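**Q** To start, I am sharing the structure in question, which I have written as structure tokens.
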Amino acid sequence: MLLAPSWRRSAVPRLARHGGVIGALIGMGIPEFQAKRYDAKIREGNILISVHTEDSTQRDAAKDVFKRFDADDISTGSEASVKKSA
């Protein structure tokens, strides 16, 4: 997920019709309280950027880039595994 100005202009109207940013973030596995906080920040004009990485080396490199450019509220999480059906 990458939420940047061009994404906001094109996707937010679609998201609003289908549950909004909060619903989209919750659908991606972000806890509701955190999704609401992100939604408030987006409404204030901030930009939410999410980066998918394959390993901790890539994760650390992404965090370093955000820190270098004075990003605010840097956090990490992990994706839930989906069990394969037999």
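The values are calculated or read from the model by the stated rules, or taken from the named source; none is laboratory data. Keep in mind that this is a model prediction, so the values were computed, not measured. Here the Cβ positions follow ideal geometry from the backbone for every residue, glycine too, while neighbour counts run over all protein chains shown.
**Q** For the stretch 58-86, how many residues are modelled with pLDDT of 85 or more and either among the acidic types (Asp, Glu) or surrounded by 10 or more Cβ atoms within 10 Å (Cβ to Cβ) (or both)? Break it down stepwise before answering.
**A** Step one: of the stretch 58-86, the residues modelled with pLDDT of 85 or more are 58-71.
Pick out the ones that are also either among the acidic types (Asp, Glu) or surrounded by 10 or more Cβ atoms within 10 Å (Cβ to Cβ) (or both) and you get 58-67, 70-71.
Number of matching residues: 12.
**Q** Among the helices (runs of 4 or more DSSP H) contained in the stretch 1-57, which hold 1 or more residues that are of a type in the set (A, V, I, L, M) and at pLDDT 85 or above? First the steps, then the outcome.
**A** On the way: elements: 5-17, 20-27, 32-43.
Here the list reads 20-27, 32-43.
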